[in-house]
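Enquirer: My questions will all concern the structure given below.
The values are calculated or read from the model by the stated rules, or taken from the named source; none is laboratory data. What you are looking at is a predicted structure, and each value in this text was computed from that prediction instead of being measured. Glycine gets a Cβ as well: all are built from the backbone with ideal geometry, and neighbour counts include every protein chain shown. Quick note on the areas: whole protein, heavy atoms, side chains included, nothing else; ligands and nucleic acids left out. Shrake-Rupley method; radii C 1.70, N 1.55, O 1.52, S 1.80 Å.
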Amino acid sequence: MRHTLPIAPQFYVTAPQPCPYLPGLSERKLFTALTGDGARALNDTLSKQGFRRSQNVLYRPACSECAACMSARIRVADFVPSRSQRKTLRRNAALKREATSPWATDEQFALFRRYLDSRHADGGMADMDIFEFAAMIEETPVRSRVIEYTATLQPEPGRRGSARTLVAVCLTDVLDDGLSLVYSFYDPDRVKDGLGTYMILDHIEIAREIGLPYVYLGYWVPGSAKMAYKSRFSALEIYRDGTWRDLDDPAAYEKTPHPLSIRPITEQVAAITLPAPSPAVKPQGD
């Protein structure tokens, strides 16, 4: 099924699939291609309306019987770390951060495979090979960065100096109003270090350093244990009913809203705001 707005882009809906977050439910996604000269403006504009990027596609949940998935972002200026988050910052203070171009490496893929095999062996990405991994990292039509975190290795006996090892990676989009964490993974042997939380905390610091007001975390899903960690961040906003609002009490959200409260796809598409068209460039005269 295809739905279009009066001007490009075109929006499509996926066929129902089992929901990865709430057992017994199915999911659909509303999506559009992210290509051409306007890709960056489209990514900026639709990210503010609950969309997420995956390679050259922008998508948003559009389930027929559920509206539990809500885009979440942290308001950088008002964020205050909790006591446990301050401990996580101290525990990982020795890590070195390096931002690189979106280019996949063998070291990244090795860490990615260890992470999946340990934490998501039955997930939808479990069978990804190095070529699919490279596509996930490198196929980006917008401004993206790979943020790598390395730790110092203890020198071997009889050797001088020390080497560093990759312990965490985050693929990050730089939007006009924030940083969007597209996908992150880390060393499963360091699970007690809270590296997933640490990368979010460090992105908040990066956003603060460069003057961006938000850090986008993807979707928060009430009732999903996988997504519960996002509600532990202060100054968290969620996108619901066409507007951003403070999360407040996570327990106040029902995981399965009444089906009659969900707008039809045609209404959802009609309500999408698109970026203003770029002004036409007039040809120079002779």
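Enquirer: Rank these by accessible area, largest first, 1.4 Å probe: Ile130, Ile74.
Expert: Details: Ile130 60, Ile74 0 Å².
Reading off the accessible areas and sorting them downward yields Ile130, Ile74.
Enquirer: Then there's this: Using the Cα centre of the chain as origin and beta-carbon charges of +1 (Lys, Arg) and -1 (Asp, Glu), tell me which of Tyr216, Leu46, Gly242 is placed farthest towards the positive end of the dipole.
Expert: Tyr216
Enquirer: Next question, about the same structure. Express the relative contact order of the range 203-272 as a whole percentage, based on alpha carbon pairs under 8 Å and six or more residues apart in sequence. Please list the in-between numbers first.
Expert: Details: 38 pairs, mean separation 14.1, N = 70.
Contact order relative to length: 20 percent.
Enquirer: Can I ask one more? How much accessible surface area, in Å² rounded to 10, belongs to the heavy atoms of Asp117 with a 1.4 Å probe?
Expert: 100
Enquirer: Now, a different point. Could I get the Rg over Rh figure for the range 121-246? Both from C-alpha atoms, Rh via Kirkwood, rounded to two places. Intermediate values should be presented prior to the final figure.
Expert: Working: Rg = 17.1 Å, Rh = 16.9 Å.
Computed over Cα atoms, the ratio is 1.01.
Enquirer: About its Cα centre, what dipole magnitude does the range 35-180 give when the only charges are +1 on Lys and Arg Cβ and -1 on Asp and Glu Cβ, stated in debye to the nearest 20? Mind showing how you got there, number by number?
Expert: Details: 22 positive and 19 negative charges, 221 e Å.
In debye, rounded to 20, the range 35-180 gives about 1060.
Enquirer: Under unit Cβ charges (Lys, Arg +1; Asp, Glu -1), what dipole magnitude, rounded to 20 debye, does the chain have relative to its Cα centre? Could you put the intermediate results ahead of the total?
Expert: Working: 36 positive and 34 negative charges, 155 e Å.
Computed charge dipole of the chain: roughly 740 debye.
Enquirer: What shape does the range 31-115 take by its C-alpha gyration tensor, where a ≥ b ≥ c are the square roots of the eigenvalues and a/c under 1.5 counts as rounded, a/b above b/c as prolate, and the rest as oblate? Intermediate results must be reported in sequence, preceding the final value.
Expert: On the way: a/c = 1.86, a/b = 1.30, b/c = 1.42.
Judged from the Cα gyration tensor, the range 31-115 comes out oblate (a/c at least 1.5, b/c at or above a/b).
Enquirer: Does anyone have the angle between helix 106-119 and the longest principal axis of the chain? Alpha-carbon axes, 0 to 90°, nearest 10?
Expert: It works out to around 80 degrees.
Enquirer: In addition: Between 0 and 90 degrees, rounded to the nearest ten: what's the tilt of helix 195-210 against the longest Cα principal axis of the chain?
Expert: Helix 195-210 and the main axis of the chain meet at about 70 degrees.
Enquirer: I would also like to ask the following. According to the square roots a ≥ b ≥ c of the eigenvalues of the Cα gyration tensor, what is the shape class of the range 186-254, taking rounded for a/c under 1.5, prolate for a/b larger than b/c otherwise, and oblate for the remainder?
Expert: Oblate, since a/c reaches 1.5 and b/c is not below a/b.
Enquirer: When ligands, DNA and RNA are left out and all protein chains stay put, how many square angstrom of accessible area per residue does the chain have with a 1.4 Å probe? Numbers along the way, then the final one.
Expert: Values: 15780 Å² over 286 residues.
Counting only protein heavy atoms, the per-residue value for the chain is 55 Å².
Enquirer: Holding the Cα-Cα limit at 21 Å, pick out from Lys87/Lys192; Lys48/Lys226; Lys96/Lys226; Lys48/Lys96 the pairs that are longer than that.
Expert: Working: Lys87/Lys192 11 Å; Lys48/Lys226 23 Å; Lys96/Lys226 27 Å; Lys48/Lys96 31 Å.
From the list (Lys87/Lys192; Lys48/Lys226; Lys96/Lys226; Lys48/Lys96), the Cα-Cα distance tops 21 Å for Lys48/Lys226; Lys96/Lys226; Lys48/Lys96.
Enquirer: Then there is this: Obtain the nm distance between the two label points defined at Val57 and Asp37 by a simple spin-label model: each point lies 7 Å from its Cα along the Cα-to-C-beta direction.
Expert: Taking the simple label geometry, Val57 and Asp37 are separated by 2.7 nm.
Enquirer: Using only alpha carbon pairs under 8 Å that are at least six residues apart, calculate the relative contact order of the chain and give it in whole percent. If you can, show how the numbers build up before the last one.
Expert: Values: 478 pairs, mean separation 70.6, N = 286.
So the answer I get is 25 percent.
Enquirer: Per the 1.4 Å probe, what fraction of the accessible area of the chain, in percent, lies on carbon and sulfur atoms?
Expert: Details: 8020 of 15780 Å².
Reported share for carbon and sulfur atoms: 51 percent.
Enquirer: Let me ask you something else. On the Cα set of the chain, report Rg and Dmax in Å, please.
Expert: Answer for the chain, Rg first and Dmax second: 20.3, 74 Å.
Enquirer: Still on this model: Give me the log10 of I(q) over I(0) for the range 88-137 at q = 0.15, 0.19, 0.22 Å⁻¹, as the Debye formula computes it from C-alpha points; what are the numbers?
Expert: Ignoring solvent entirely, the Cα scatterers give -0.54, -0.76, -0.88.
Enquirer: Can you tell me the relative contact order of the range 164-216? Whole percent, Cα pairs under 8 Å, sequence separation 6 or more.
Expert: On the way: 60 pairs, mean separation 19.8, N = 53.
That works out to 37 percent.
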